[in-house]
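Peer 1: Next up is a structure, given as structure tokens.
Here, each number is a calculation from the coordinates, and none is a lab measurement. These numbers were taken from a predicted model, which means no experiment stands behind them. Glycine gets a Cβ as well: all are built from the backbone with ideal geometry, and neighbour counts include every protein chain shown.
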Amino acid sequence: MATIKELSHKEERLTGGHRLCAGCGASIAVRQVLLGTDNPVVAGSATGCLEVSTTPYPFTAWGTPFIHNAFENSAATMSGVEGAYNALKRRGKIPADKEIKFVAFGGDGGTYDIGLQSLSGAMERGHNMLYVCYDNGAYMNTGIQRSGATPFGAATTTSPAGKVGQGKPQARKDLTQIMAAHNIPYVAQASISHWKDLVNKAEKAFAVDGPAFINVMSPCPRGWRTPNEMTVEIAKLAVQTGFWPLYEVEDGEWKLNFKPAKGLRPVEEFLKPQGRFKHFFKPGNEHLIEEFQSQVDKNWERLKKRCGVE
Amino acid sequence: MSKTKIKTQTKWNIKGIENWGWKKHPLGATIPEAGNAADYKTGGWRSNRPIWDEEKCTNCLICWINCPDSSIRVKDEKWDSFDYDHCKGCGICANVCPTKAITMVEEGGEK
């Protein structure tokens, strides 16, 4: 594992000048993931903030070849690129010793919901590629609509909090565990707030022979209604409260990467700074916080059992 | 062999692109120059400007690895400078700095 000073020698593969909002978590995720390999990389992205903001014609922020795809087919496109690369290699058109890495990015909308079948297919077919989901918990690009990743109770434009409803009534789906169920060589959950853990996981994911998946917590200041400067801090709180546990599944071995010595912090600390949970703190809505906490506790206990930790 | 060889990066001249006819655009609207977004300045978005304090900085580079706009330059493993052409002034660097060596000041204000 490289130190931060060693990492600083690496080539910057995402330039400034992209049009993501100030304080966006997505570009932090991309930068940290791309530090995970020195090999040439081909990247692609599902439709979403990351795609439209990093490549508004005639500009691209990518220092790597980049492929623009539709919402649902980031994984399918990248699996095709990997297939083409293998074919060219067989024919000697790409030198045998040249090893290119393939990575597909997608937001939670393009991964949990719209791109799920193409992702599942690419992983099942065993392509040697990495898929990275930057999870900000809603369709932020189109105006903060709820997604399968939106947490319980979060207010979005399609699950507003008001007199009738109190944010999204359902709990979020656990995509990382769905991907682990594909029995691929490497699956991990990481957060931009824990760069060392994330770069380490990206290194493992790029190095593995076969499909790999990383789900990265990438807060969105606009959608979460948090101040711009808080992006990394709130991602850290997501981890420390157990809302977003850091773990990895390597060849079927589950491993918890972060277990606070003093136990988890109450979820209130994660919820309170976010405008999308403002209604949780209205008098009479205490049960929402309790419900959120009990969901987090239940998932945490289940995960600990799977990872074989007390 | 020459067909599949990856082209080395060339400067793509997009001067006057607003008035280009369709024949002048690359097929499929591909962008032939990697990372040319660096030519697009987003520094004007900024309402707060990060200021660096050399005395307090320990060169831990936590700001660099957490910058969403790749706007912290590092040279020889040491903090070098802000890229004010692209920094949007989000303030993450000031927020994550363990020694409070970065502070945000209002853009255009006297300081």
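Peer 1: Could you work out how far the C-alpha centroid of segment B:34-111 sits from that of segment A:56-96, in angstrom?
Peer 2: After rounding, the separation between the Cα centres reads 32 Å.
Peer 1: Taking θ = phi - 60°, what integer Hz values does the Karplus form 6.51 cos²θ - 1.76 cosθ + 1.60 yield along segment B:50-55, in sequence order, with x for Gly and Pro?
Peer 2: x, 10, 9, 10, 4, 4
Peer 1: I would also like to ask the following. ³J(HN,Hα) across segment A:139-147 via Karplus (A = 6.51, B = -1.76, C = 1.60, θ = phi - 60°), whole Hz, x for Gly/Pro?
Peer 2: These are the phi-based 3J(HN,Hα) values: 7, 6, 4, 9, x, 6, 8, 5, 10 Hz.
Peer 1: What are the residues whose amide H is under 5 Å from the amide H of A:PHE213, where those residues sit 5 or more places off or on another chain and H is modelled from the backbone?
Peer 2: A:TYR131, A:TYR186, A:VAL187, A:ALA188
Peer 1: Taking neighbour Cβ counts within 10 Å as the exposure measure, how do B:GLU106, A:GLU203 sort from fewest upward?
Peer 2: Starting with the residue having the fewest Cβ neighbours, the order is B:GLU106, A:GLU203.
Peer 1: In bins 5 Å wide, starting from 0, what share of all Cα pairs of segment A:46-100 does each bin hold, as a percent?
Peer 2: Histogramming segment A:46-100 at 5 Å steps yields 4, 17, 22, 19, 16, 12, 9, 1 percent.
Peer 1: Just report the Cα centroid separation between segment A:1-54 and segment A:145-193, whole Å.
Peer 2: Centre-to-centre (Cα) distance: 23 Å.
Peer 1: Pop out the Kirkwood hydrodynamic radius of segment A:10-307 from its pairwise C-alpha distances, inverse of mean 1/r, in Å to one decimal. Walk me through the intermediate numbers first.
Peer 2: On the way: mean 1/r = 0.0515 Å⁻¹.
About 19.4 Å, per the Kirkwood formula over Cα pairs.
Peer 1: Oh, and also: Tell me which cysteines of chain B come out unpaired when the rule is another cysteine's Cβ under 4.7 Å.
Peer 2: B:CYS57, B:CYS60, B:CYS67, B:CYS87, B:CYS90, B:CYS97, each lacking another Cys Cβ under 4.7 Å.
Peer 1: Once amide H atoms are built 1.01 Å from N in the peptide plane, which residues 5 or more positions from B:CYS90, or in another chain, come under 5 Å H to H?
Peer 2: A:GLY23
Peer 1: Given the pairs B:LYS23/B:LYS88; A:LYS236/B:LYS88; A:LYS89/A:LYS196; A:LYS201/A:LYS304, which span a C-alpha to C-alpha distance of over 26 angstrom in this model?
Peer 2: Over 26 Å Cα-Cα: B:LYS23/B:LYS88; A:LYS89/A:LYS196.
Peer 1: Only Lys, Arg, Asp and Glu count, each charged at its Cβ (+1, +1, -1, -1), so figure out the dipole size of segment A:149-296 about its Cα centre, rounded to 20 debye.
Peer 2: Details: 18 positive and 15 negative charges, 134 e Å.
So the magnitude is around 640 debye.
Peer 1: Would you mind telling me which residue in A:GLY106, A:GLY242, A:GLY137 has the biggest mean-square fluctuation in a Gaussian network model of chain A, where springs connect alpha carbons within a distance under 10 angstrom?
Peer 2: Checking each option, the largest mean-square fluctuation is seen for A:GLY242.
Peer 1: Taking the Cα centre of chain A as origin, work out the dipole magnitude from +1 charges on Lys and Arg Cβ and -1 charges on Asp and Glu Cβ, in debye rounded to 20.
Peer 2: Details: 36 positive and 31 negative charges, 81 e Å.
Its charge dipole is roughly 380 debye.
Peer 1: Quick query: amide H of A:ALA161 versus all other amide H atoms, modeled in the peptide plane; which residues come in under 5 Å with a sequence gap of 5 or more or a different chain?
Peer 2: For A:ALA161, whose amide H was placed from the backbone, the distant partners under 5 Å are A:THR156, A:GLY167.
Peer 1: To check you understand DSSP bridge types, tell me what percent of the beta bridges within chain A (both residues inside) are antiparallel, rounded to 5.
Peer 2: Antiparallel bridges: around 30 percent, rounded to the nearest 5.
Peer 1: Expressed as an acute angle from 0 to 90° and rounded to the nearest 10, what is the orientation of the C-alpha long axis of helix A:195-207 relative to the principal long axis of chain A?
Peer 2: Taking Cα atoms only, the helix is inclined about 40 degrees.
Peer 1: Which of B:GLU77, B:GLU18, B:GLU55 moves the most in a Gaussian network model of chain B with Cα springs under 10 Å?
Peer 2: B:GLU18
Peer 1: If you don't mind, there's one more thing I want to ask. Select from A:THR55, A:PHE206, A:THR156 the residue farthest towards the positive end of the dipole of chain A; place +1 on Cβ of Lys and Arg, -1 on Cβ of Asp and Glu, and compute about the Cα centre.
Peer 2: Checking the options against the dipole of chain A, the answer is A:THR156.
Peer 1: In whole Hz, with x marking every Gly and Pro, tabulate ³J(HN,Hα) for segment A:272-289 from phi via Karplus 6.51 cos²θ - 1.76 cosθ + 1.60, θ = phi - 60°.
Peer 2: Going residue by residue, I get 3, x, 9, x, 6, 10, 4, 5, 4, 9, 7, x, x, 9, 4, 5, 5, 5 Hz, with x marking Gly and Pro.
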